[in-house]
Amino acid sequence: MNAKVNVLGIAGSPRRGGNTDILLERAIAGARDAGADTQTIVLCDLNIAPCLHCDGCLKEGRCVVEDDMQRVYPKLREADRLIIAAPVFFMGLAAQTKIMIDRCQALWAMKYVLKQPVALNSGGERKGLFVSVGGTGFARLFEPSLATIKSFFVVLDMKLAGEVTFARIDEKGAIRQHPTALQQAYDAGKKLVEN
Ligand SMILES: Cc1cc2nc3c(=O)[nH]c(=O)nc-3n(C[C@H](O)[C@H](O)[C@H](O)COP(=O)(O)O)c2cc1C
């Protein structure tokens with residue numbers, strides 16, 4: 001019997017129960033209904049310091065900073081699918097998310113300096129989904145965040161399989177009033193596992 005697809009959700013907003021949390025919960029529900037094993041990490045509940053650029057990771061591919069990120073690395077490496085949800089802050093990713101990504105410089109070192117495999121999953125090709133909202137309707141609102149997410153996924157050996165993004169969503173919970181957003185997030189999570 002095939003092992004279940006293992007899906008990791010990352011809640012990257014500082015606002016618990018906010019718009020990206022709501023969308024992430026729906027995407028994870030879709031993945032679970034498609035038969036996946038799911039778990040979600042809430043970054044604002046963790047103690048994760050920013051990268052120091054000390055180059056300590058270049059020796060062994062391991063970050064020398066001992067904090068909750070040490071528990072996140074294996075989850076990132078073992079996931080078959082990743083759903084990362086973060087709002088737009090000053091035209092980029094919310095800091096909680098960017099700090100976690102910057103700490104993946106250790107995985108970059110593992111891959112490009114030490115030539116070691118980053119992915120430890122057993123389920124073949126890895127795929128990820130990016131979920132975001134922004135309060136304004138600015139042109140190219142999600143492009144800076146997406147550039148970072150794409151670069152992060154390259155390091156993780158993960159294909160960007162989709163994006164679920166909504167502009168003009170600002171108040172906490174406003175996404176619930178959107179006519180299709182919750183269903184879109186659910187469908188995207190389901191498709192991420194089924195395809
Ligand atoms: C510090 C901060 C910076 C923000 N910067 C932007 C921005 O540059 N562009 C934008 O459209 N919305 C911006 N917003 C609005 C958030 O993207 C918006 O409120 C979003 O719905 C928050 O999502 P959440 O509920 O998942 O945290 C900002 C909000 C905060 C608190």
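A short reminder: the numbers here are calculations on the coordinates, not readings from a lab. Keep in mind that what you see is a predicted model, and the values were worked out from it rather than measured. Positions of Cβ are generated from backbone atoms using ideal geometry, with glycine treated the same way; all protein chains shown enter the neighbour counts.
Can you tell me the length gained on complete extension of the stretch LYS115 to ASP45, counting 0.36 nm per residue apart and subtracting the Cα distance?
The LYS115-ASP45 span can extend by a further 22.0 nm.
Once backbone amide H atoms are built at 1.01 Å from N, ASP67 has no partners under 5 Å, excluding neighbours fewer than 5 places away on the same chain. Each Lys and Arg adds +1 at its Cβ and each Asp and Glu adds -1 at its Cβ; summed about the Cα centre, segment 5-110 shows a dipole of about 140 debye. Assuming charge only on the beta carbon of Lys and Arg (+1) and of Asp and Glu (-1), the dipole of the chain about its Cα centre is about 220 debye to the nearest 20. Would you tally the net charge around ALA49, using a Cβ to Cβ cut-off of less than 12 Å, leaving ALA49 out, and scoring K and R as +1, D and E as -1? Result for the local shell: -3. Using the Cβ-Cβ distance between LYS150 and GLU60 with R0 set to 25 Å, the FRET efficiency from 1/(1 + (r/R0)^6) comes to roughly 0.40. Computed from backbone phi, the HN-Hα couplings of segment 51-66 come to 4, 9, 6, 8, 6, x, 6, 5, 6, 10, x, 10, 6, 7, 7, 8 Hz, rounded to whole numbers (Karplus: 6.51 cos²θ - 1.76 cosθ + 1.60, θ = phi - 60°; Gly and Pro given as x).
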